[in-house]
Amino acid sequence: MNLSLEWANDFVDISGISPKDYCDRLTATGSKVEGYEVIGDDIENVVVGKVLKLERHPDSDHLWICQIDVGEAEPVQIVTGAQNLFVGAIVPVAKSPSKLPGGVNIKAGKLRGVPSNGMLCSIGELNLTTHDMPNAIEDGIFIMDGIDCKPGDDIHDALKLNDTVVEFEITSNRPDCLSVIGLARETAVSFDREFKLPTPAVTYANDGDKIDNYLAVEVKDSILCPRYTARVVKNVKIAPSPLWLRMRLRASGVRPINNIVDITNYVMLEYGQPMHAFDYTCLDGKKIIVRTAADGENFKSLDDTDHTLNSTNLVIADEKKAVALAGVMGGANSEITDSTVTVVFESANFLGSSVRVTAKSQGMRTESSGRFEKGLDPENTLPALDRACELVTLLGAGEVVDGTIDVYGGKQEPYKMKLEVERINSFLGLNVSADYMKNVLEKLEFKVDGDTLTVPSFRADCRCMNDIAEEILRIYGYNTIEATRFVTPITSGSRTPTQRFELLCADLLCAMGLYECETFSFISPKYYDKINLPADDVRRKSIVISNPLGEDTSVMRTTAIPSMLEVLARNNNYHAEKTALYEIATTYTPDADPTKLPEERRHIVMGFFRDGDFYTLKGMCDTLLDRAGITNAVYTAESNEPTFHPGRCAKITAADGTLLAVIGEIHPAVQENYSIDAPVYIADFDFENLFDKSKLEKTFKALPKFPATTRDFAFVCDDTLEVGAIEAVMKKAGGKALESIKLFDVYRGKQLGEGKKSVAFSVTLRAADHTLTDEEADKVVKKILTLLDRELGITLRA
């Protein structure tokens, strides 16, 4: 967006502000400036002159010797070859010395012996075109007819080349700043100056003629076209626009054409509201219809390009044809020409996304579409139309027919929100008063009633507290915020208890020589066959992935044992001498209700081959249980786990019966399924249960002050009786006096009989407050032997 500061001065006084200070301040308040240009700064010492006398050069048949009045005591003599001069002509004169655009320097000299003290300028030499100066010719001296000036006037003042143009980069959320008025409003707030926005005055013809005699408007879709306003101007006189209007358009990068077209462009730049003018005689049926195009409908735009439209394109049409692409460009079939006598001014609001679709599908990008795409204010259409009609009267370009057509099917209530002063200050880390906030917001045209804000219709980007806070801060000044310490206390990060326990387990397992591995949570359903799960085993009921990578990853695992066996088998295939691994894996058990998510549980799975035996595995489990603070775990033989060897498998439970783990040697059939040529040992801990039963807090226990007494026992029992069961009974009978039990021998022999074994224990007895006597120790021993006989039917070995 190019802003003429001379134009902006109509709405806010910017006198006394240098271009650099202006650009810096506007950038600081959120309107980013790309750069600025001082119009005419490449022209020096060029003034208005009047031709007083013309004489032929004595040595040339095409040169003229001119005497030029430049407002000084004596005329200036200039020799020129231009043939369009005449006595009394007003022309631009580059006196000696002077500078012209393009780095041209003019100095006094002689042409064929005749002194020449300057140069008469064409429009090209002043970097102007015939669009800027329609009465000029391209191949002659610029005759300044119709320009209010006198000899000696600086050419900058005469041709209004005394402007500064600032180039802004406007973000897509601020379409209101794509206008002189919008940027003037920002300027007024930024420099704390008064913003003046006069209400356009429309003067009607007052001859009894009404717009209803000329036109009717029908809008087919109020979503695609929320508002459509129109007026008719009759007795139109097509002519060039006045100099001030042409030069403002030129400064903004828009080419002047004629007064009617220039008015629509001028209003678009001033109000940010694109407009269009139709030649009324080209509209069939005295009616405008806003509709979507028919698929395959043909249309020729103002740039003489043929287009084939589709049903996504919104068009402005009469009763027979499309006369404009809504929000993009008018049609060649309703173009303003020199013969136009009646004009329809359109000022409408179109849905931004619809304009974007149309512009993209037709390969067109215009000033109009670029504005509509960002979402314009429907409330702006009528003021813009009023301003256009005011300019028609001001320029004498025609007579405004009484009446306005205003089809407003998409009107919305103003958006209101609460002004939260304390919350804004807390959010920004400032201490700005409520009065300051209200003052800034009112200058930005927010209406403040107590703590209620009414957002102006052109600020659709302000919808929450954060938006209002940004408005306050950008005017307050980002660079004025003082550096402070954090007000909000910062919570130091730490691991959760579960995470700390997981890390503890991982460290311990690594310390025992196991390497960590990670496997996919999705597996093949064939894995359940490989670990010998029966067809009716509940663990076969898995979550099926709807879009699996393949059959091998088609279900979510309910047990992590197959994943561990796959890794062990791979290492065996690679001829690893021995392998010991662990994984903290997740399993997924479907809920009975298919609408609910599956139960996710983590497991610690340990596995190894050629790195020990069952008792090695049990020792690892004991170490893990001890580190978790679980001292009363019970090992129970298990022969019904199909994955494990029926005679070399155990379950570990807590004292309350909660299952902690299943450990053992893998079944030979399973081992064969994985082609592992050595016994494989697996421990599968339920991580959640292990964590729930853990007691990680350590308490100090003093060393015993009194000596211990030891007793050794050898029992004969059934070979199927578990040592753990014997120890449990001994602990129950020994009570507090029993300090420890240690198994030191297991013997099987013919002299014991078939199905029998001998187990020998060393029992340590100690009292905390005195030295046990032999009588007290014997009494405890007797209780142990009696309870073993009663509950397990075992006696001392003879």
Suppose we filter the stretch 463-496 for residues that are more than 18 Å from Asn431 (Cα to Cα) and touching a residue at least 12 places away in the same chain (Cβ under 8 Å); how many remain?
2
Are there any pairs, at least 6 apart or on different chains, whose C-beta atoms fall under 8 Å, with the first in the stretch 102-113 and closer than 16 Å to Asn127 by Cα and the second open to solvent by less than 80 Å² (accessible area, probe 1.4 Å) and of a type in the set (Lys, Arg), and if so, which?
Ile106/Lys95
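Residues checked against (1) in contact with a strand residue (DSSP E or B) (Cβ under 9 Å, 6 or more places away or on another chain); (2) under 18 Å from Ile211 (Cβ atoms); (3) free of Cβ contacts under 8 Å to residues at least 24 places away in the same chain; (4) surrounded by 13 or more Cβ atoms within 10 Å (Cβ to Cβ):
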residue: Cys282; (1), (2), (3), (4): yes, yes, no, yes
residue: Arg291; (1), (2), (3), (4): yes, no, no, yes
residue: Phe299; (1), (2), (3), (4): yes, no, no, yes
residue: Asp304; (1), (2), (3), (4): no, no, no, no
When you check Pro151 against the structure, is it open to solvent by 10 Å² or more (accessible area, probe 1.4 Å), more than 25 Å from Asp10 (Cα to Cα) and not hydrophobic (A, V, I, L, M, F, W, C), yes or no?
yes
Could you list all residues from the stretch 700-722 that are out of contact with any strand residue (DSSP E or B) (no Cβ under 6 Å at 6 or more places or on another chain) and hydrophobic (A, V, I, L, M, F, W, C)?
Phe700, Ala702, Leu703, Phe706, Cys717, Leu721
Residue that is surrounded by the fewest Cβ atoms within 10 Å (Cβ to Cβ) [pool: residues in the stretch 254-268 that are touching a helix residue (DSSP H, G or I) at 6+ places or on another chain (Cβ under 9 Å) and assigned to a loop (DSSP other than H, G, I, E, B)]
Arg255
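To keep it simple, each residue is scored yes or no on (1) out of contact with any Cys (no Cβ under 9 Å at 6 or more places or on another chain); (2) open to solvent by less than 30 Å² (accessible area, probe 1.4 Å).
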{"site": "Val46", "(1), (2)": "no, yes"}
{"site": "His62", "(1), (2)": "yes, no"}
{"site": "Ile65", "(1), (2)": "yes, yes"}
{"site": "Gly71", "(1), (2)": "yes, no"}
{"site": "Ala108", "(1), (2)": "yes, no"}
{"site": "Asn117", "(1), (2)": "yes, no"}
{"site": "Gly124", "(1), (2)": "yes, no"}
{"site": "Met133", "(1), (2)": "yes, yes"}
{"site": "Asp139", "(1), (2)": "yes, no"}
Quick one: how many residues across the stretch 588-606 are touching a Phe, Trp or Tyr at 6+ places or on another chain (Cβ under 8 Å) and not in a strand (DSSP E or B)?
1
If Glu445 passes every condition in (1) under 25 Å from the mean Cα position of the chain (by Cα); (2) in contact (Cβ under 8 Å) with a residue 60 or more places away in the chain but one, which one does it miss?
(1)
In the stretch 12-22, anything surrounded by fewer than 21 Cβ atoms within 10 Å (Cβ to Cβ) and either touching a Leu at 6+ places or on another chain (Cβ under 6 Å) or of a type outside the set (S, T, N, Q) (or both) is listed as Asp13, Ile14, Gly16, Ile17, Pro19, Lys20, Asp21
So which of Val87, Val51 is of a type in the set (Val, Ile, Thr), over 19 Å from Gly124 (Cα atoms) and assigned to a loop (DSSP other than H, G, I, E, B)?
Val87
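Table: residues versus (1) at pLDDT below 95; (2) closer than 26 Å to Arg248 by Cα.
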position: Lys99; (1), (2): no, yes
position: Pro115; (1), (2): yes, no
position: Pro134; (1), (2): yes, yes
position: Asp148; (1), (2): yes, yes
Are there any pairs with C-beta distances below 7 angstrom linking a residue in the stretch 785-798 that is under 12 Å from Lys732 (Cβ atoms) to a residue that is open to solvent by 80 Å² or more (accessible area, probe 1.4 Å) and modelled with pLDDT of 90 or more, with the two at least 6 apart or on different chains, and if so which?
Leu787/Lys732
So for the stretch 761-772 (the condition being under 24 Å from Ala637 (Cα atoms), of a type in the set (A, V, I, L, M, F, W, C) and in contact with a strand residue (DSSP E or B) (Cβ under 7 Å, 6 or more places away or on another chain)), does at least one residue qualify?
yes
For the stretch 54-84, enumerate the residues that are under 16 Å from Gly118 (Cβ atoms) and assigned to a strand (DSSP E or B).
Leu54, Trp64, Ile65, Cys66, Gln67, Ile68, Asp69, Val76, Gln77, Ile78, Val79, Thr80
So is Asp692 among the acidic types (Asp, Glu), out of contact with any strand residue (DSSP E or B) (no Cβ under 6 Å at 6 or more places or on another chain) and part of a loop (DSSP other than H, G, I, E, B) or not?
no
Take the stretch 533-552 and flag every residue that is in contact (Cβ under 8 Å) with a residue 24 or more places away in the chain and open to solvent by less than 60 Å² (accessible area, probe 1.4 Å).
Leu533, Pro534, Asp537, Ser542, Ile543, Pro548
Within the stretch 10-50, considering residues that are of a type in the set (Ser, Thr, Tyr) and farther than 26 Å from Tyr266 by Cβ, the one farthest from the chain's Cα centre (by Cα)
Ser18
Quick one: Thr305 ticks every box in (1) closer than 30 Å to Gln412 by Cβ; (2) modelled with pLDDT under 95; (3) hydroxyl-bearing (Ser, Thr, Tyr) except a single one, so which number is it?
(1)
Which is of a type outside the set (Val, Ile, Thr), on the phi > 0 side of the Ramachandran plot and open to solvent by 20 Å² or more (accessible area, probe 1.4 Å), of His575, His603?
His575
Which number in (1) open to solvent by 20 Å² or more (accessible area, probe 1.4 Å); (2) more than 39 Å from the chain's Cα centre (by Cα); (3) farther than 30 Å from Thr480 by Cα marks the one condition that Val79 misses?
(1)
Ala585 vs (1) within 49 Å of the chain's Cα centre (by Cα); (2) outside any strand (DSSP E or B); (3) surrounded by 17 or more Cβ atoms within 10 Å (Cβ to Cβ): all pass except (2)
Taking Glu346, is it open to solvent by 10 Å² or more (accessible area, probe 1.4 Å), in contact with a Phe, Trp or Tyr (Cβ under 8 Å, 6 or more places away or on another chain) and either within 18 Å of Thr229 (Cα to Cα) or acidic (Asp, Glu) (or both)?
yes
For Arg56, which of the numbered conditions (1) open to solvent by 70 Å² or more (accessible area, probe 1.4 Å); (2) in contact (Cβ under 8 Å) with a residue 12 or more places away in the chain fails to hold?
(2)
Looking only at strands (runs of 3 or more DSSP E) that fall completely inside the stretch 269-348, which ones have 2 or more residues that are within 23 Å of Gly403 (Cα to Cα) and either polar (S, T, N, Q) or in contact with a helix residue (DSSP H, G or I) (Cβ under 6 Å, 6 or more places away or on another chain) (or both)?
275-279
List the pairs whose first member sits in the stretch 679-695 and is in contact (Cβ under 8 Å) with a residue 60 or more places away in the chain and charged (D, E, K, R), whose second member is in a helix (DSSP H, G or I) and crowded, with 17+ Cβ neighbours inside 10 Å, and whose Cβ atoms are under 7 Å apart, counting only residues at least 6 apart or on separate chains?
Asp684/Ile561
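The values are calculated or read from the model by the stated rules, or taken from the named source; none is laboratory data. Note that the structure is a prediction, hence the values are computed from the model and not measured. For neighbour counting, all protein chains shown are included, and Cβ atoms are generated from backbone atoms with ideal geometry for every residue, glycine included. To get the accessible areas, we keep the full protein, side chains included, count just its heavy atoms, and leave off ligands, DNA and RNA. Shrake-Rupley method; radii C 1.70, N 1.55, O 1.52, S 1.80 Å.
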